[in-house]
Every structure is written in C-alpha cells, then in structure tokens.
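Data block below; observations after.
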Amino acid sequence: MGCTEATAKTNVYRPRNPHTSPLYQCVEKHYEDLIESGLVHRRVEEQVLNRFIDCGDLHKGFARIYCDECGHDYLLAFSCKTRYFCPSCHQKRMLAYGDWVEEEVLLPVPHRQYVFTLPKLLRPHFHQRHRLGAFCRIVSRLLNEAYGEAPRPGATRVYPVRTDLRRPGDLSPAYPCAGSRRCVFRVLPSIPATLLVEQLRHAVLDYLVEDEAITEDFANKLLSWEHSGFSVDNKVHVGANDPEGRRQLARYMIRNPFSLGKMEYKEKQNVVVYRSKLHATMRRNFQIMPGAAAWLKLLLQHVPDRGEHLVRYYGWYSNRSRGERETIELVQPGRAQRLGAPDQESLRSGPAHLPALWQRDAVPGGYRGSPGDRADPAPRGGVGSVTATTGAAG
C-alpha cells in the first residue's frame, strides 16, 4: 500500500509542537532555578529535564521518513523517551506496554484490581524507594494469606504488582481472580475490602516501627484512630472475554502521574494551576501550586532511577515462570499453551465458596461488611484500571 493510499485510509500524521505545551514553557523558564536552588537531588532528574527540553526539536536531530512508491517524505524529530515526565513519550510507552502485557503476559481469565491507599501522614516515609518494595511485599503477603483457603491445595496465585505510589499513597497491583489446580483456572471470590484494611493498617505500621521510621508510641496513636486513612478498593474487575479491558488495566499501572490537559502555567504569576474533578472535602476542582519550580520538583519525584523496575510479576506471570514455559515450548511445541489453558467451564460456573477466614466474626473484632462485599458474582466485563490483578494457575 502506497503512502497516498495509506494516508487516505488512516489519520494524517500531524507533528506535535512541544514548545507550545505548558510543561515545556514551565521547564524552559525555571530550569536554571531548579538546578541552582538544589531542588534536583538525583542525576536522573537533571538528565530528564535536559532531554525533555530537546524532545521534538528538529534542531537536535531527526529521521527522514520516505515512501519509495510515491516519493512523499517528512522529517520526524527525535524524542526524549523519558519515563513518567514527558507526556508524549510516556503515552507511547504506555500504549505499547498495554499491548505487550495483553499479548505476552496475561491470560484470558477474569482479573480484579486492588488499590491499597496509605494515609497522607505516612506517605512521606515512602519517598525512600526501598520502602516501596517493602510495601509491595506486604500487599503480596496479605493477598496470599486471604486467598490461602479459597483455592484447593496446590494452587498458585499470579499477580503483577505496581510498586510505585502512583497517586500519592496508592499501590497499584493487578491480581487475577481465578485460582487453579493442575493448571486449570477457576474463578475466585473477591476479598472483602474491610477485612484487608485492618490487616494492611497493622502490617504497614509494624514495618515502619521495625524500620525505625516511626516510634511505637506514634504507631499506637494511629491504631487508636477511628478513621485510619488506610483504604482498599476492589470494585474494578475485567471479564475473561475483554482483551481491551486488560490492555486498559495494564496501561493504568504505568500511567503518567499528571495530565497535560489539566495543567495551566501562568508565567507572570509564577504559579501552576492544576484542574481536576471536584474535591469532596475542599469543594473545588483546581489546585494552585505556588512556585512553578516546586511543581516541577513534585513531578520529578515520580521519575524512577535508571534500570529501576516499577512493575513486579509473581506466580504464573513471573519472569521465571514465563521463561520456563518458553523453554518447554521449544522442547515440546504446544505443551506450554496447554499448561496455561483456562478451564472455560469452570470460569462460567461462578466463584468458589468463601473461605472460613472471611466469614462474619471469624476475624478478631468481627467482619461487618455487607453481603455484597463477600461474594463476587460472575465477573462483569468492562474497561478498568489494574493495580493488583488476581488470578491463579498451578
């Protein structure tokens, strides 16, 4: 298909103009202030700013796209390819990641999202990145313990877990809602969110006390609060026959920390206005950031170090398990696909029985969730975000 024919059938490529974006204007104006004020502490942050300024600039390098059939050509400027800062480059990365996860990692089984949120008072302690990994392991342990009685013996759980605090205080893991034995996937019930909240509360506070981030007296004070600030949400789930929902789920895990369309830079006032949905407590739909340099510093906190992995895979989706199946496929073609084939009949049969651990009054203090929280009906399809996806194969 020639260039002219392809253009007629698809959208015309329109190169972007990065110099007109509010983020570019903000970085260009305050780059020197950031460096001189010492707000940039990591080398990767300075590298991201330098590469972002050159992103999409034809003067900094370009590739020539040429069609052999019609002779049409155009210039394509090099991009910065930075993670979690440049909206354009990270959007391309996010779309490619969603396709890769759907095609290479996830199986066509139901998946459920679990979002674990920390109180604002504790979030600064997790700016130290090694604690994000510890937070991830805490969530992994809680999910495994809660699902320990749901599948039959020998089952394993699979869930990619997002270890960064995407929205400040949120852990985004994806946990498959299917358990299995002998490599057969079976639908699992959703874990009551009320049950997980208290376990998360005690586990995180115990860890911070052990890591000497907070004192034991301060932890006991937080335990005495009626509204702890910890929360767990598991309302989003994607059906087995919803590949686009799984793509959206994966893209959500590595989404950019801010939206360029919601940002407004006021150069004369030296402020950034960020607009969003109406806040329930503050009763407004915008936030004014005094000092554009401080706004940039907040964004740079989300930039990971070079080589740092923010998505972790466990169980059936782990790198080791996928590598072993690839090896089996080389030796015995077709066997790896049979090992991971979901049992369609069991997926239609509905969720497994609730484990005794989840029943009312089975936990100290008594579980007081509503009946609708305890059982997960046949998974509904739909596009949703994935933070912890549940699924199991063994």
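Quick note: the coordinates plus some simple rules give every number you see, no bench work behind them. Everything numeric here is computed off the predicted structure, so don't read it as measured data. For neighbour counting, all protein chains shown are included, and Cβ atoms are generated from backbone atoms with ideal geometry for every residue, glycine included.
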Just flag the GluC sites (Glu not before Pro) in the range 11-85 sitting in loop per DSSP whose Cβ has no more than 15 other Cβ atoms within 10 Å. 69
Report the charge-dipole magnitude of the range 12-86 in Debye, nearest 20, computed about the Cα centre from +1 at each Lys and Arg Cβ and -1 at each Asp and Glu Cβ. 240 debye
For the range 12-86, what relative contact order do you get, as a whole percent, if you take Cα pairs closer than 8 Å and at least 6 residues apart? 26 percent
Stokes-Einstein diffusion coefficient of the range 12-86, Kirkwood radius over Cα pairs, 25 °C, 0.890 mPa s, in µm²/s: 174 µm²/s
Residues whose modelled amide H sits under 5 Å from the amide H of residue 314, counting only those 5 or more places away in sequence or on another chain, are 159, 161
Residue 231 long-range amide H proximity, modeled H, under 5 Å: 117
Sorted by Cβ neighbour density within 10 Å, fewest at the top, the residues 295, 100: 100, 295
Scalar couplings 3J(HN,Hα) for the range 80-97 by Karplus 6.51 cos²θ - 1.76 cosθ + 1.60 (θ = phi - 60°), nearest whole Hz, x for Gly and Pro, are 7, 6, 7, 9, 6, 9, 6, x, 5, 5, 6, 5, 5, 5, 5, 5, 5, 5
